[in-house]
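Undergrad: I have a structure here, written as structure tokens, and I will follow up with some questions on it.
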Amino acid sequence: MRSAERRLLRRAKVAPVLLAALLAALAATGASATSAWRLPVAAPAESTFARRPPVAAPAESASARRLPVAVPSTRGPQTAGALKVMSFNIRYGTARDGDNAWELRRGAVIEVIEAFGAEVLGLQEALHFQLEELVAAMPRYERIGVGRDDGVEAGEYAAILIDRSRLEVLAQGTFWFSDTPAAPGSTSWGNDIPRICTWARLRDRASGRAFHVYNVHWDHISQPSRERSAGLLMRTIAERTAGGEEPSAGDRRVAGGGADLAGEQRPDGGEDRAASDRPDPVIVTGDFNAGETNPAFRRLLGERSEAREVLEAPERALLDTFRLLHPAARDVGTFNGFEGVTTGEKIDAILVSEEWEVVAAEIVRAAPEGRYPSDHFPVTATLRFR
């Protein structure tokens, strides 16, 4: 007999015979008296803390909540002094996009730009009021570009925003992808709407180096327009950066207060490109509406299909920053339709001349607070002068 059962016998008020019978029955089942006689123990009452409804997580800071899908970090020693470039089709702000209307996603656009810290930002589809709102929210940026419909403010821009604390404008302009590139609103090659390129010659305040940026938005329907746009862009880059006479491809200058469509105007003290023996490095940002195998896009990489074309200056083959670092990547679609899809072709890109070292390049799939900022993913590149 167990000690606990002996204690029960001593304390019991019942007849020993009955108790002995009960103990015998318990022994047959393998139970003990203490376990059999134990009263059910009520579950402990919940504490006040346990009854509380779930407490919401503390409000996150703006910087913490901008990265539900991480924007690639550009901090650290390897990018110190490097130039951060972004190309971003922000979707025109008057589109009837319902839950994806501009006023609902404007904050997400700003968060993605700020998270990366772009110093050169090529925007496509931007309307004048969108640019005003972005610059008001991020006043470090200086805006370059004109509306494609009238060469002033009407229609979409292929605007370039630059961080004025890092860069200064030496010259700027816009030309139209047409037979009359200096004529605002002109179309020629099967595109029903005007297509433009805005460019700028910039100086890096830290190094003193000058470079060119070209921002484009090619036609979404006409392949002839895309191919001829590639040709005009490559000729313009070759003529402008290789020395000699200035090209006549529709340069509208606003630097220094003028609006001259005939020749290049520089701010006071602007460096003359011809004074340098080496060609300026080149950056091209854009929504090309053409995949990586499209002949128009391949032309920018140095593959020419117009064998009989006479070139006034040798063309400078460009390099796709993303493919330099991610040559085998397959999930590279940049048009997402506000749904985050990554299939499809990479139609947005940042291209550079060989004077640049590519430190990093990414397709940014960030969705701040669960909202995609545009129907295109922005693409980024972190560059350093060679």
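The values are calculated or read from the model by the stated rules, or taken from the named source; none is laboratory data. What you see is a predicted model, and the numbers here were worked out from it, not measured in a lab. As a convention, Cβ positions derive from the backbone with ideal geometry for all residues, glycine included, and neighbour counts pool all protein chains shown.
Undergrad: Sort through 174, 180 and tell me the only one that's surrounded by fewer than 18 Cβ atoms within 10 Å (Cβ to Cβ) and in contact with a Gly (Cβ under 8 Å, 6 or more places away or on another chain).
TA: 180
Undergrad: Here's another thing I want to ask about it. Looking at 345, 315, can you tell me which residue is more than 21 Å from residue 121 (Cβ to Cβ), surrounded by 13 or more Cβ atoms within 10 Å (Cβ to Cβ) and at pLDDT below 95?
TA: On the way: 345 fails: at pLDDT below 95.
So the residue among 345, 315 that is more than 21 Å from residue 121 (Cβ to Cβ), surrounded by 13 or more Cβ atoms within 10 Å (Cβ to Cβ) and at pLDDT below 95 is 315.
Undergrad: On the given criteria, is residue 118 closer than 26 Å to residue 280 by Cα, aliphatic (A, V, I, L, M), in contact (Cβ under 8 Å) with a residue 60 or more places away in the chain and part of a loop (DSSP other than H, G, I, E, B)?
TA: Values: closer than 26 Å to residue 280 by Cα: yes; aliphatic (A, V, I, L, M): yes; in contact (Cβ under 8 Å) with a residue 60 or more places away in the chain: yes; part of a loop (DSSP other than H, G, I, E, B): yes.
So residue 118 fits the description; yes.
Undergrad: A further question follows. Looking only at region 183-198, filter to residues that are in a strand (DSSP E or B) and of a type in the set (A, V, I, L, M, F, W, C); which one of those is surrounded by the fewest Cβ atoms within 10 Å (Cβ to Cβ)? Lay out the reasoning, then the answer.
TA: First pass over region 183-198, keeping only residues in a strand (DSSP E or B): 196-198.
In the following step, the residues that additionally are of a type in the set (A, V, I, L, M, F, W, C) were identified as 196-197.
Details: 196: 30, 197: 26.
Taking the candidates together, the pick is 197.
Undergrad: Follow-up. Among the listed residues 222, 229, 186, identify the single one that is of a type outside the set (A, V, I, L, M) and either touching an Asp or Glu at 6+ places or on another chain (Cβ under 7 Å) or within 14 Å of residue 284 (Cβ to Cβ) (or both). Quick ask: steps written out before the conclusion?
TA: On the way: 222 fails: either touching an Asp or Glu at 6+ places or on another chain (Cβ under 7 Å) or within 14 Å of residue 284 (Cβ to Cβ) (or both); 186 fails: either touching an Asp or Glu at 6+ places or on another chain (Cβ under 7 Å) or within 14 Å of residue 284 (Cβ to Cβ) (or both).
From the options 222, 229, 186, the qualifying one is 229.
Undergrad: Oh, and also: As an exercise: evaluate residue 109 against (1) farther than 18 Å from residue 336 by Cβ; (2) at pLDDT 50 or above and give the number of the one condition it does not meet.
TA: That leaves (1) as the condition not met.
Undergrad: Going by what's in this entry, would residue 327 be described as surrounded by fewer than 23 Cβ atoms within 10 Å (Cβ to Cβ) and farther than 22 Å from residue 158 by Cβ? Steps first, answer last, please.
TA: Details: surrounded by fewer than 23 Cβ atoms within 10 Å (Cβ to Cβ): yes; farther than 22 Å from residue 158 by Cβ: yes.
When the stated conditions are applied, residue 327 passes them.
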